[in-house]
1. Looking at 110, 122, 163, 149, can you tell me which residue is modelled with pLDDT under 85 and closer than 23 Å to residue 206 by Cβ?
2. Can you find a residue that is more than 23 Å from the chain's Cα centre (by Cα) and at pLDDT 90 or above anywhere in the range 125-140?
3. Give, as residue ranges, the strands (runs of 3 or more DSSP E) completely inside the range 258-369 that count at least 1 residues that are modelled with pLDDT of 95 or more.
4. Tell me, which strands (runs of 3 or more DSSP E) wholly within the range 384-464 include 1 or more residues that are under 25 Å from residue 25 (Cβ atoms)?
5. Check the range 138-145 and report whether any residue there is surrounded by 24 or more Cβ atoms within 10 Å (Cβ to Cβ), closer than 22 Å to residue 156 by Cα, of a type in the set (A, V, I, L, M) and touching a Gly at 6+ places or on another chain (Cβ under 6 Å).
6. Only one of 443, 454 is touching a residue at least 12 places away in the same chain (Cβ under 8 Å), outside the structural domain of residue 67 (by TED's automatic domain parsing) and over 29 Å from the mean Cα position of the chain (by Cα); which?
7. Give the number of residues within the range 78-121 that are within 20 Å of residue 170 (Cα to Cα) and not in a strand (DSSP E or B).
8. Can you pull out the residues in the range 407-429 that are touching a Phe, Trp or Tyr at 6+ places or on another chain (Cβ under 7 Å) and either exposed (fewer than 15 other Cβ atoms within 10 Å of the Cβ) or farther than 15 Å from residue 463 by Cβ (or both)?
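The values are calculated or read from the model by the stated rules, or taken from the named source; none is laboratory data. It should be emphasised that the depicted structure is a prediction, and the values quoted were computed from it without experimental measurement. All Cβ positions, glycine included, derive from the backbone under ideal geometry; neighbour counts span all protein chains shown.
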Amino acid sequence: MNHLLISSLLVQLTLAGIPEEDNALPTVNITSPEPGHYTIPVDAGFDPDILRIGGTKHLFKPLGGDNFCNTWAADDKIYVTVDDGMGWPVDTGTPAIEQNNRVWALNGGPADYTPEYLPGFPDYDLTYLWYGFGIVSVDSILYYAISTPYSPDKRGIKLLYSPDFGSNWYRHDGVNDTIMQYVENENTMFFYNEHMNLFSYIDFVQFGKDYQDSKDGYVYLYCKLTNLTPSIYLARVPRGHKNIVNKTKYEYFKGYTEDKMPEWTSDIYLSKCVLNFPEGYYHSAFLPSVVYNKGLDLYIMVVGARFEDRYNGGPSKLTFYWSKNPWGDWLSFYHTTCWIGDSPDNILYQPKLISKFNSEDGKTMYMNYSNCRNHWGDRYVFNQQKITLELDNPAFYKKGDSIIIKAEALDSDGDIVKVEFYKDLVLLGVDTSSQFEYVWQNAEVGNFKIMVLAYDNKGASSASSIRVVVTP
């Protein structure tokens, strides 16, 4: 939705409708629908300044990486995953070794960070092809999911945990797992060869510092289905270490009851899709990043993807969603097919929201993302950008509703001759009667700006608008 064009249209139509100098402008107000009772994001703006950590090259490769999943832990540090890179060896004076995944700590932020190497993390070489796809801090314990996305027949995740902020790491069964093995089995893996390979790639919903903002006592995790479909699924587990490391305690979203309440099942075969992304969000690496925004009391999701020619330049796709619950309904409030950051040469992907720096009012957020410009060149590092949300109090309706749009229009020195009704830039209809009413029938799902333009008998015009959200 192009809000700049909408605003420009309002200005142009209003100014064009001003005739003689002495003619008073008409007044117009939308009396129906009325504004809603809670605030949602309706657009997003991005700070042009990008913070990058790292970027120095070692031999012919950068020292960075990608897929920077992150969590805000009880010690106030951000723990971040680094895939296919070396992290920050120059900053920390540690060995420059490329690994498929490693966990680092970031101190400070958001204006600057000091990386911290965690020597207790399991070491291994590139042979085993393990990738980090989700990390979360709950009750002072770090949980980290690593995946085998390139295994042809053995897909799943290994769930590691660290009770001492990364000094030691253990498998879900308590074994100190110091060497990653590629050939695994149902004992060493957590999710393993599940139905449709569900939960082979996961990311956790973030609830502030050390999960302190959790609303219902559950830990939530999303999974992307496969490379070929843009569908995501949802699971939850009761909070508590004994539950999180026990797969039998997990429940899977299976749909809604007739009164729109979520249903859960212990049978993974009955899992149902929570959301389908727009066309193009197919690659397994492009998991959603979901954060509970306490200031807005809403969940915010972001997903981003490169186009097919993803290694040779060109813009990427980026979409933001909001929801009142972890399971949805998810409604998009920002979408672009020209996500370029600060340069059209960038090739951006894997955006991740950083929960630590959400503003108190929820209006300001931060995200990091990956950038493989110039074939994993000098910007293949942790890229961070500030986001400002545009907020509104819209009227809410359900898909298929008939929405009555009413306007009250007056003119002090003449008569109102017509009122035009717009949905974004589309003219819905014109009313020349004194009722000034239009019925928008069979409303489709989306986020819309409803505008009315009132004209008097001398050609002058004025406008009024309201936001309308139609949910599934």
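1. 149
2. Looking through the range 125-140, at least one residue is more than 23 Å from the chain's Cα centre (by Cα) and at pLDDT 90 or above.
3. 262-265, 289-293, 298-305, 316-323, 348-354
4. Ranges flagged: 403-410, 416-423, 426-431, 437-440, 446-456.
5. Within the range 138-145 (the criterion being surrounded by 24 or more Cβ atoms within 10 Å (Cβ to Cβ), closer than 22 Å to residue 156 by Cα, of a type in the set (A, V, I, L, M) and touching a Gly at 6+ places or on another chain (Cβ under 6 Å)), the answer is yes, since at least one residue qualifies.
6. None of the others qualify; the one that does is 454.
7. Residues meeting the conditions: 5.
8. Scanning the range 407-429 gives 417, 429.
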